[in-house]
Amino acid sequence: MIFEDIEFLIHLIEDARVNLNASAKHRSLTDPSIIEMSQRLDNLINKYYSITETRHIAS
């Protein structure tokens, strides 16, 4: 179960990263939509590290 969650989270991170990079080419980095995308990516990455650190500690 955890492995599937991590794989899905990696997929979400990659999608968020691609979307952010594509959008940032056409908008200012201070544009509210870019900031929102960046925050979403940060949250996903933090969640990933939280899950993998918890799993690493439990091993």
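Filtering the range 1-21 to residues that are of a type outside the set (Val, Ile, Thr), assigned to a helix (DSSP H, G or I) and open to solvent by 50 Å² or more (accessible area, probe 1.4 Å) leaves Phe3, Glu4, Asp5, Glu7, Phe8, His11, Glu14, Asp15, Arg17, Asn19, Asn21.
Do we have Ser28 as in a helix (DSSP H, G or I), modelled with pLDDT of 95 or more, more than 22 Å from Asp5 (Cβ to Cβ) and open to solvent by less than 100 Å² (accessible area, probe 1.4 Å) here? Criteria not met by Ser28.
Selection over the range 24-37 of residues that are under 28 Å from Ile51 (Cα atoms) and in contact with a helix residue (DSSP H, G or I) (Cβ under 6 Å, 6 or more places away or on another chain) gives a count of 2.
The values are calculated or read from the model by the stated rules, or taken from the named source; none is laboratory data. All of these numbers come straight from a predicted model, not from anything done at the bench. As a convention, Cβ positions derive from the backbone with ideal geometry for all residues, glycine included, and neighbour counts pool all protein chains shown. Ligands, DNA and RNA are excluded from the accessible area calculation, which covers all protein heavy atoms including side chains. Shrake-Rupley method; radii C 1.70, N 1.55, O 1.52, S 1.80 Å.
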